[in-house]
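J.: Once you've had a glance at the structure underneath, I'll fire off some questions.
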Amino acid sequence: MHALILVDIQNDFLPGGSLEVKAGDEIIPYINGIMADFDIVVATQDWHPMDHGSFASNHPGKNIGEVIKLEGLDQILWPDHCIQHSKGAEFSRDLDMHRVQMIFHKGTDPKIDSYSGLYDNGHLKSTGLGEYLKAEGVTEVTCVGLAADYCLKFTALDAVKKFGFKTHVPVKGTKAVNINPDDFAKSLEEMKKAGVIVS
Ligand code: VGL
Ligand code: ZN
């Protein structure tokens with residue numbers, strides 16, 4: 001069984017959103033086109049409460065892009081994004097949700113961020129996604145979505161390292177935030193080193 005994991009294809013990560021990924025919308029037609037090739041399609045949704053510790057706005061005097069310690073973990077401060085039930089947290093209206101059989105929320109605990117769709121950043125709690133796929137008999141996953149240098153990367157790394165799934169990332173299915181211009185290339189290298197099949 002081969003699953004397609006749609007990572008955070010939400011308005012706030014698309015052009016016009018509060019944490020927009022440049023040309024993020026360009027991956028959507030490609031993703032819609034491959035969905036029928038998979039046994040199972042699932043999606044992750046970044047789903048933050050307003051008081052989330054990853055928002056610069058919740059740390060007076062701190063700026064977006066600064067790194068702080070949040071409960072002992074390094075945390076980049078982001079603009080407010082993907083607030084539960086907001087327009088920005090909704091999936092893109094252009095994304096075909098027809099075959100998505102399950103949605104997994106992440107980043108709901110204000111004290112810890114969750115880049116991976118499988119675990120929080122401290123690997124303290126799982127989202128249930130990895131266990132769900134195992135129970136469905138999945139052995140192989142393909143990860144697409146946003147952003148290549150954060151949530152997509154950490155989802156693929158957990159899929160291969162923590163769950164032992166044969167894990168693919170097609171380059172056409174993702175785009176990066178690129179705080180530094182080479183973050184996309186570095187993320188692809190890091191995934192390859194961990195055993196992810198980047199195509
Ligand atoms: C993401 C930063 C903060 C992502 C989520 O989906 O890549 N990035 N929250
Ligand atoms: Zn987030």
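J.: Testing the spin-label approximation: label points 7 Å from Cα along Cα→Cβ at Arg93 and Ala23. State their distance in nm.
T.: Each label point lies 7 Å from its Cα, and together they span 2.5 nm.
J.: What residues of region 54-74 lie in the reach of a label at Asn180, counting those whose backbone N is under 17 Å from a point 7 Å from the Cα along Cα→Cβ?
T.: Flagged as within label range: 65-68, 74.
J.: With every protein chain left in place, what is the accessible area per residue of the chain in square angstrom, probe 1.4 Å?
T.: Here the residues of the chain average 46 Å² of exposed surface.
J.: For the chain, what is the calculated [θ] at 222 nm in deg cm²/dmol (nearest 500), taking -39500 (n - 2.57) for each run of four or more DSSP H residues and dividing by its residue count?
T.: The helix contribution divided over the chain gives -5000 deg cm²/dmol.
J.: Under a plain spin-label model, where a point goes 7 Å from the Cα along Cα-to-Cβ, how far apart in nm are Val171 and Met50?
T.: Simple spin-label model gives 4.3 nm for this pair.
J.: Val7's amide H: which non-local residues (gap 5+, or another chain) put their own amide H closer than 5 Å, with H modeled 1.01 Å from N in plane and none for Pro or chain starts?
T.: For Val7, the qualifying residues are Thr44, Val144, Gly145, Leu146.
J.: Also, I was wondering about something else. What figure in square angstrom, to the nearest 10, would you give for the accessible area of Thr139 with a 1.4 Å probe?
T.: About 90 Å², ignoring ligands and nucleic acids.
J.: D for region 141-199, whole µm²/s, Stokes-Einstein with Kirkwood Rh over alpha-carbon pairs at 20 °C and 1.002 mPa s: what number?
T.: After rounding, the answer is 197 µm²/s.
J.: Are any of the pairs Lys62/Lys161; Lys125/Lys172; Lys106/Lys166 more than 27 Å apart by Cα-Cα distance, and if so, which?
T.: Beyond 27 Å between Cα atoms: Lys62/Lys161; Lys125/Lys172.
J.: What distance in nm separates the simple spin-label points at Ala135 and Lys111, each placed 7 Å from Cα in the Cβ direction?
T.: 2.6
J.: Under a 5 Å amide H to amide H cut-off, with H placed in plane at 1.01 Å, what residues pair with Val21 once short-range neighbours are removed?
T.: Leu14
J.: Based solely on C-alpha atoms, express the radius of gyration and the Dmax of region 27-66 in angstrom.
T.: 17.4, 48
J.: Select from Gly88, Leu4, Val196 the residue farthest towards the positive end of the dipole of the chain; place +1 on Cβ of Lys and Arg, -1 on Cβ of Asp and Glu, and compute about the Cα centre.
T.: It is Val196, whose Cα lies furthest towards the positive end.
J.: For a quick check: with amide H placed at 1.01 Å from N, whose amide H comes under 5 Å from Ile197's, ignoring anything fewer than 5 positions away on the same chain?
T.: The answer is Thr167, His168, Val169.
J.: Still on this structure: Can you pull the percent of the chain's accessible area that's carbon plus sulfur, 1.4 Å probe, other chains left in place?
T.: Carbon and sulfur together cover 52 percent of it.
J.: Within the set of other residues whose C-beta is less than 15 Å from the C-beta of Val160, count the net charge using Lys and Arg as +1 and Asp and Glu as -1.
T.: Result for the neighbourhood of Val160: +3.
J.: Give the residue list of trypsin sites (Lys or Arg not before Pro) in region 77-135 that are DSSP loop and have at most 10 other beta-carbon atoms within 10 angstrom.
T.: Taking region 77-135 and a limit of 10 other Cβ atoms within 10 Å, the loop trypsin sites (Lys or Arg not before Pro) found are Arg93.
J.: Now for a separate question. From the backbone phi of region 169-184, what are the Karplus-calculated ³J(HN,Hα) couplings (6.51 cos²θ - 1.76 cosθ + 1.60, θ = phi - 60°) in whole Hz, Gly and Pro given as x?
T.: Those phi angles translate into 10, x, 4, 5, x, 8, 9, 10, 5, 6, 4, 10, x, 9, 4, 5 Hz.
J.: Continuing with the same structure: Of the beta bridges DSSP finds with both residues in the chain, what % are antiparallel, to the nearest 5?
T.: Taking every DSSP beta bridge within the chain, about 20 percent pair in antiparallel fashion.
J.: Could you tell me the calculated FRET efficiency between Leu124 and Lys62, based on Cβ-Cβ distance and R0 = 25 angstrom, to the nearest 0.05?
T.: Efficiency, rounded to the nearest 0.05: 0.55.
J.: Report, largest value first, the span of the C-alpha coordinates of the chain along each principal axis, in whole Å.
T.: Result for the chain: principal-axis Cα extents of 48, 32, 32 Å.
The values are calculated or read from the model by the stated rules, or taken from the named source; none is laboratory data. These numbers were taken from a predicted model, which means no experiment stands behind them. Note that we place each Cβ from the backbone using ideal geometry, even for glycine, and neighbour counts take in every protein chain shown. Only protein heavy atoms, including side chains, enter the accessible area calculation; ligands, DNA and RNA are left aside. Shrake-Rupley method; radii C 1.70, N 1.55, O 1.52, S 1.80 Å.
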